[in-house]
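For reference, the structure is listed below as structure tokens.
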Amino acid sequence: MSGAMLLDTVTPARDLEPRSLARVSGRIVAVQVEPADAAPKVIVRVDDGTGFVHAVFMGRREMPGIEPGRQLDLEGRVCETAAEPKIYNPRYEIR
């Protein structure tokens, strides 16, 4: 777990707005780790049943407990690039 969640309301991925603070809850469907010759980064794709959001953890190459199939709560500022919402370095909780 990384910090306590601050928001009480969960926002469906389909309703995420760029630059908004949001909490998303869903299942991890993919984990991507940047190769050793690139800047450290782990990208986690989360599906909440309404769409996807990517949690991007900068400066990391591994995240204990973060693996496909696990349930995850994310909270942070939504960014949107290439029409897919992203949350950089979110607070998270593995359920």
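Odds and ends about this structure:
- Here the chain is assigned +1 on the Cβ of each Lys and Arg and -1 on the Cβ of each Asp and Glu. Its dipole about the Cα centre then comes out at about 120 debye.
- Taking the chain and dividing mean pair separation by its residue count, relative contact order in percent (alpha carbons under 8 Å, at least six apart): 32 percent
- Amide proton proximity set for GLY51, modelled H, under 5 Å, gap of 5+: ALA13, ARG14
- Applying the Karplus relation 6.51 cos²θ - 1.76 cosθ + 1.60 with θ = phi - 60° to the range 11-21 yields 3J(HN,Hα) values of 9, x, 4, 5, 9, 5, 10, x, 6, 8, 8 Hz, where x marks Gly and Pro.
- Amide proton proximity set for ASN89, modelled H, under 5 Å, gap of 5+: VAL56, PHE57, MET58
- Across the range 26-37, coupling constants 3J(HN,Hα) worked out from phi with the 6.51/-1.76/1.60 Karplus curve, θ = phi - 60°, read x, 9, 6, 10, 7, 10, 10, 10, 5, x, 4, 8 Hz, and Gly and Pro carry x.
- Measuring r between the beta carbons of ARG61 and ASP15 and using R0 = 30 Å, the FRET efficiency lands at 0.40.
- Excluding ligands, DNA and RNA, the accessible surface per residue across the chain is 56 Å² with a 1.4 Å probe.
- Heavy-atom accessible surface of the chain: percent carbon and sulfur, 1.4 Å: 49 percent
- Spin-label pair VAL33/THR50, simplified geometry with 7 Å Cα→Cβ offset, distance in nm: 3.3 nm
- Kirkwood hydrodynamic radius of the chain, from the reciprocal of the average inverse Cα-Cα distance over all distinct pairs: 13.2 Å.
The values are calculated or read from the model by the stated rules, or taken from the named source; none is laboratory data. It should be emphasised that the depicted structure is a prediction, and the values quoted were computed from it without experimental measurement. Cβ atoms come from the backbone with ideal geometry, glycine included; neighbour counts cover every protein chain shown. When the accessible area is computed, the model is the full protein with side chains, heavy atoms only, and any ligands, DNA or RNA have been set aside. Shrake-Rupley method; radii C 1.70, N 1.55, O 1.52, S 1.80 Å.
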